[in-house]
1. Give me the percent relative contact order of the chain, please, defined on Cα pairs under 8 angstrom at least 6 residues apart.
2. For the chain, build the convex hull from the C-alpha positions and give me its volume per residue in Å³.
3. Rounded to the nearest 500 deg cm²/dmol, what is the calculated helix-only ellipticity per residue at 222 nm for the chain, with -39500 (n - 2.57) per DSSP H run of length n ≥ 4?
4. Based on the Kirkwood radius over alpha-carbon pairs, what is the Stokes-Einstein translational diffusion coefficient of the range 14-68 at 25 °C with 0.890 mPa s viscosity, in µm²/s?
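Quick note: the coordinates plus some simple rules give every number you see, no bench work behind them. The structure presented is a predicted model; accordingly, all values stated were derived computationally and were not measured.
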């Protein structure tokens, strides 16, 4: 199948941050991710430094269980890329961009549509004077 790409917002109307802890439940409805390859530039939370060190030591690979464990205390990914695999099959990619939006890529169009419907499209940034 052909891979598609969509963008969703990283912040909800009520100021809620949409990030990996929000997405885990959605992901497990559509995929059976067993491992992640993570390229993390910046994240925020109590275990952010520990996660970055662990990723460097493991060449960016973490089990799904380990990633979820870290994200129990990480509340925002500012910049980072998450490639999800089931065994060795590449299933999905989520990229946090500059604390403003997520770029999601997959050949599962039902998943992509679900994410857009649930989280919404990115909102334009206000211009000066607004």
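1. On the way: 226 pairs, mean separation 46.4, N = 130.
Reported as a whole number, the value is 36 percent.
2. 114
3. Working: 4 runs with 39 residues, N = 130.
That calculation yields -8500 deg cm²/dmol at 222 nm.
4. Values: Rh = 12.4 Å.
For these conditions, the coefficient is 199 µm²/s.
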